[in-house]
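Before any comments, here is the structure.
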Amino acid sequence: MFFERPGYFSENFTALLTGRGFVFYGSLLFCIPAMLYFFKKQRLPVLPMLDIMAVTTCIVHFFGRIGCFMAGCCHGIEWHGPLAVTFTDEACLAPLNVSLHPTQLYSSGMILIILLILLLVKRIQKFDGQLFMLYLMLYALGRSVLDIFRGDLSRGFIVENYISNSQFISFIVISISGYIYYRLSKQPSMSIND
C-alpha cells in the first residue's frame, strides 16, 4: 500500500494499520531481504532455502487469495460472463450487487499452476535458486495479465488506466529474476553466500 501512495502514507502512517489488508508485492519485496538476512544469520544454504520458500509461498498465497475472495478485496472489473460473481454482504470490500470478474479465484488458479510447474521442475532441477527465480518470473508474468481484469483501482497506476503499479513492479521483478536465473544457470556453483 505504501508504494501505491507514498506521499499520503508518509504523512498518515497510521492509515497503514487499518486492518484492511496489505498488497502482496509489498510483503514479498520486504520478505526477500528478510529471508536472505535470516538464512545468512543462521548459516543456512541461501539458494536451496529460497527454493523451499518458493513452494511454501505458493501454498500460503493460494489460500490467501481464497481469503481475498471471501473478503471481496482484490476484486475484478464489472463483467457479465459465465464465471461472474456478485458480492452482496455489506462487510465485503467489493462493489455490492455488481457482476465482477472473480480475479481472486483467477489468481488462486494461477498460483496453483505455478506450484505444479515448480514441483515438475524440481524433478529435473539444474541449479540451486532455480525454483525461486522461476516462481518470481511466473508470478510476475501472471500478475501482469491478471491486473487487466482487476477493478480495485486504488492500487494505483504508473500510466493512468494502462500500466498499474503492480504491472510496473512485475516488469522489474521479471527483469531482475531473469538476469539472476541466467547467471545461476551459467554458474551452477554460484551462491549468494559467496
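Values quoted throughout were computed directly from the atomic coordinates according to the rules given, and no laboratory measurement underlies them. Bear in mind the structure is a predicted one, so any value in this text is a computation, not a measurement. Virtual Cβ from ideal backbone geometry, glycine too; neighbours counted across all protein chains shown.
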Fill in: Y162, Y106, Y179 arranged by Cβ crowding within 10 Å, fewest neighbours leading
Y162, Y179, Y106
Worksheet item: If you look at just the Cα atoms of the stretch 40-120, how large are its Rg and its Dmax in Å?
Response: 16.8, 53
Worksheet, complete the sentence: Scalar couplings 3J(HN,Hα) for the stretch 130-142 by Karplus 6.51 cos²θ - 1.76 cosθ + 1.60 (θ = phi - 60°), nearest whole Hz, x for Gly and Pro, are 4, 5, 5, 5, 5, 4, 4, 5, 5, 5, 4, 5, x
Worksheet, complete the sentence: If the label point sits 7 Å along Cα→Cβ of L119, residues of the stretch 39-67 with amide N under 11 Å come out as 59
Discussion item. Could you derive backbone 3J(HN,Hα) for the stretch 173-180 from the dihedral phi with the Karplus parameters 6.51, -1.76 and 1.60 (θ = phi - 60°), listing whole Hz in sequence and x where the residue is Gly or Pro?
Written reply: 4, 4, 5, 5, 5, x, 5, 5
Worksheet item: What FRET efficiency, computed as 1/(1 + (r/R0)^6) with R0 = 35 Å and r the Cβ-Cβ distance, is obtained for K40 and S175, rounded to the nearest 0.05?
Response: 0.90
Worksheet entry | In Hz, Karplus ³J(HN,Hα) per residue of the stretch 92-109 (6.51, -1.76, 1.60; θ = phi - 60°; x = Gly, Pro) | 7, 9, 8, x, 7, 6, 10, 6, 10, 5, x, 4, 5, 6, 4, 5, 4, x
Fill in: Radius ratio Rg over Rh of the stretch 44-185, counting only Cα atoms, Kirkwood formula for Rh
1.03
Discussion item. Give me the net charge for the shell around L105: Cβ to Cβ below 13 angstrom, other residues only, Lys and Arg +1, Asp and Glu -1.
Written reply: +2
